[in-house]
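Colleague: Structure below; questions to follow.
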Amino acid sequence: MYEDFKVTDRWTGEPLHCTWRGTIVAIATRHADATDIRFDVSGKPVWIALPNVAWVEQKRRTGKVITDYLAAQIAGRYLKQAIESGYDNGREMYTMTLDEVLDLAQAVVKEAGGTAALPSLPVIREDEEPEKSLDLALPGEPPIAGIGPRVSMIP
């Protein structure tokens, strides 16, 4: 669905390839009460920030939770709509409102036919090794050309 999609930029007519790359709780990285979803848009990083209160409000209103898979789909659908509408083209970060998250959560689940039908993450391509796609190598694994081993941050 929205973890790996193509879209045409409204202003330039350029075809763009958008791929989910990761989900990070922004409290630790930028001291924001949000969860940041990263996409590569034709090789450029774009972040979609979802307010963390959306997880609480979704549970309160519906009794259901926003999973990691659903959060990525919500952000992807938002990104696709932003590109198609020409909304501030070229930004590196977009911030969603609570209502946008809840509305898109409902729309994505309806479109998928249920949360069990949401695609799993990470995006794995049969023609690409996961280590190369994620640009990491685990300690003790054989070397991979062009990818260095993961370095421990603990001295």
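Colleague: Please find, among A32, A75, A71, the residue that is among the small types (G, A, S) and more than 18 Å from L118 (Cα to Cα).
Modeller: Just a single option satisfies the conditions, and that option is A32.
Colleague: How many of the residues making up the stretch 24-34 are touching a helix residue (DSSP H, G or I) at 6+ places or on another chain (Cβ under 6 Å) and either surrounded by fewer than 12 Cβ atoms within 10 Å (Cβ to Cβ) or not aliphatic (A, V, I, L, M) (or both)? Talk me through it step by step, then tell me what you get.
Modeller: So in the stretch 24-34, the residues touching a helix residue (DSSP H, G or I) at 6+ places or on another chain (Cβ under 6 Å) come out as 32, 34.
Keeping just the survivors that are either surrounded by fewer than 12 Cβ atoms within 10 Å (Cβ to Cβ) or not aliphatic (A, V, I, L, M) (or both) gives none.
Final tally of qualifying residues: 0.
Colleague: Among the residues of the stretch 73-80, is any of a type in the set (K, R), touching a Phe, Trp or Tyr at 6+ places or on another chain (Cβ under 9 Å) and either assigned by TED's automatic domain parsing to the domain that holds D36 or at pLDDT below 95 (or both)?
Modeller: Checked against the condition, which is being of a type in the set (K, R), touching a Phe, Trp or Tyr at 6+ places or on another chain (Cβ under 9 Å) and either assigned by TED's automatic domain parsing to the domain that holds D36 or at pLDDT below 95 (or both), the stretch 73-80 yields at least one hit.
Colleague: Need the failing condition index for S85 against (1) closer than 15 Å to R38 by Cβ; (2) at pLDDT below 95; (3) among the hydroxyl-bearing types (S, T, Y), just the number.
Modeller: (1)
Colleague: Being touching a Cys at 6+ places or on another chain (Cβ under 8 Å), of a type in the set (D, E) and touching a residue at least 12 places away in the same chain (Cβ under 8 Å) is true for just one of D40, D36. Which residue is that? Full working, then the answer.
Modeller: Values: D36 fails: touching a Cys at 6+ places or on another chain (Cβ under 8 Å).
Within the list D40, D36, the selection yields D40.
Colleague: Then there's this: Out of the residues in the stretch 52-99 that are under 22 Å from T8 (Cβ atoms) and without any contact (Cβ under 8 Å) to a residue 24 or more places away in the chain, state the one that is surrounded by the fewest Cβ atoms within 10 Å (Cβ to Cβ).
Modeller: D88
The values are calculated or read from the model by the stated rules, or taken from the named source; none is laboratory data. Just so you know, these numbers come straight off a predicted model, no measurement behind them. Note that each Cβ is placed from the backbone with ideal geometry, even for glycine, and that neighbours are counted across all protein chains shown.
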